[in-house]
Structure formats: structure tokens, C-alpha cells
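Readers should treat all values here as calculations from the given coordinates under stated rules, not as data from a laboratory. Note that the structure is predicted; figures quoted are calculated from it, not measured. Here Cβ is always computed from backbone atoms with ideal geometry, including for glycine, and neighbour counts include all displayed protein chains.
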């Protein structure tokens, strides 16, 4: 069973943890390693999408307890009352927008769809608890550090008092009261609910 994690469930000792800074590239060389992956206490690695999917699916299938899966990609979407895509509260900061339906956000959301489709087919008696990570508004021209980002996410769950990440409840993701917030995977016939977001 896959379900959305909530804002009270970021606890290191509760189940096992997987952190994924997801990317989507068809390159077969080092340039294709666009995913950062850290499973439990393992050293964060740069891997390609296929490797990330294979390792996460195997880990969930072999796990002896629930798996907390944190993916750095939009895992919920929002529509206005008139049916137009609209931003979520976390996607606007000081006049800048990083909407789920444009640019890189949309690309990694598609990657997350293929990842979650594979996970949904994995036989496991244990729950997979899903969380979204949002690391954006980097300095202009700054390159993504995939291993650094998953390490930061893991450290935030391990030591929340030290790093003080913002944990945003799903109910606080709407920009307007009448917006329709929903699972990003509903379009595929999969609805895991809307996860809480860990944000930097």
C-alpha cells in the first residue's frame, strides 16, 4: 500500500528511509546520472533513472518494515475553480515562480509518475509512505548537486532541530480556498493522497 505521509511523520526511527532527487535523462554516460539516491545510512550516489528505479523497487520489495520515500519532485497538483492549472503556495517566493506545471517541475513530475507506477506494481506487505521534497530558488547559475541534496534531506529528517526544515502540511499547499489540490498520480488512475512537503 502507498499512502501520503503527513507533517507529523518525519521521524528517523519510524520505518526505513529512501531519499531521491529524481532526474530524467536518456544519456547512457555520466551525464545521464541525474538522480541523487540515498537509502538509509548508505553513502549518497549519483545514478541514472533506470538504476534508481531498480534499486528502490528492490529495496521496497525486500524491506521488513514500512518505507518512507522522499522524492524531490511535485507529488501533488492544483487547479483553480475554473479548471486551470494553478500554483501551490510553496511555488511562489518574492516574485519568483516555480510552478509544478512548467519547466523543470513538470519534467521531474513525469519522472516521478514512472517511478511510482513501478513501485505500485511491487509486491510488498509493508506500507510505502510518500513525502515530497522541494528544494528550489537556488542562486542563478548554480548547478544541482544531486548527492548533496539527498544528504541534506536525510540530515533534515535525522536532525530536524539542527537544520530546521519547513514542513508544509498538504492542507496548506492551496493558494486559494476553492483550489482543487490532488495527487499528481490521479491522472494515471493512482491516488496516494497529497503528501506533506519538506522544504528548503
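Just a few scattered comments:
- Whole-number percent relative contact order across the range 61-109, with pairs defined as alpha carbons under 8 Å at least 6 apart: 31
- In terms of its C-alpha gyration tensor, the range 5-111 comes out oblate, because a/c is 1.5 or above while a/b does not outweigh b/c.
- Between residue 14 and residue 94, the C-beta separation translates, for a Förster distance of 30 Å, into a calculated FRET efficiency of about 0.30.
- Mean-position separation - Cα centroids, the range 1-68 and the range 151-200, in angstrom: 16
- Ranked list, fewest to most other Cβ atoms within 10 Å of each Cβ, for 175, 66, 37, 20: 175, 66, 37, 20
- Zone of residue 158's modelled label, taken as backbone nitrogen in the range 1-43 under 18 Å from a point 7 Å along Cα→Cβ: 10-21, 36-43
- In nm, spacing of pseudo-spin labels at residue 65 and residue 102 (7 Å Cα→C-beta vector): 4.3
- Of 176, 154, 33, the one that fluctuates the most in a GNM where the chain has Cα springs shorter than 10 Å: 176
- Spin-label model distance (nm) - residue 180 vs residue 79, 7 Å beyond Cα toward Cβ: 0.3
- In the chain, one over the average inverse separation of all distinct C-alpha pairs is 17.0 Å, which is the Kirkwood hydrodynamic radius.
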